[in-house]
Amino acid sequence: MYICMCYGVTDKAIRHAVENEGVGNIRELREHLAVGSQCGKCIQMAQQVIDATIVDE
Ligand code: FES
């Protein structure tokens, strides 16, 4: 499922970044995948994916 339409970033890509690239918050995710740096509409959803992935670990 696409989370960030502006950059075409999926929930899977976000999970991968959290699990394998040490991303732990929105700022780090933005540095890795540019998520949220255009319109910002995806930030809340992206945060939920980060939180859910961290809880699963
Ligand atoms: Fe992510 Fe616009 S949908 S910055």
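Annotations
- Within region 1-22, being closer than 13 Å to Ile54 by Cα and away from the ligand (no atom under 15 Å from the Cβ) holds for Arg15, His16, Val18, Glu19, Asn20, Glu21, Gly22.
- The residue pairs whose first member lies in region 1-28 and is over 16 Å from Asp56 (Cβ atoms) and in contact (Cβ under 8 Å) with a residue 40 or more places away in the chain, whose second member is charged (D, E, K, R) and surrounded by 14 or more Cβ atoms within 10 Å (Cβ to Cβ), and whose beta carbons are closer than 9 Å, counting only pairs six or more residues apart or on different chains, are Ile3/Asp11.
- Residue count for region 33-57, restricted to those that are near the ligand (Cβ under 8 Å from one of its atoms) and open to solvent by 80 Å² or more (accessible area, probe 1.4 Å): 2
- Counted residues, region 38-55 - those being outside any helix (DSSP H, G or I) and touching a residue at least 24 places away in the same chain (Cβ under 8 Å): 4
The values are calculated or read from the model by the stated rules, or taken from the named source; none is laboratory data. Worth saying up front: this structure is predicted, and the values here are computed from it rather than measured. Cβ coordinates were reconstructed from backbone atoms using ideal geometry, including for glycine residues, and neighbour counts include every protein chain displayed. Please note that ligands, DNA and RNA were not included when accessible areas were found on the heavy atoms of the full protein model with its side chains. Shrake-Rupley method; radii C 1.70, N 1.55, O 1.52, S 1.80 Å.
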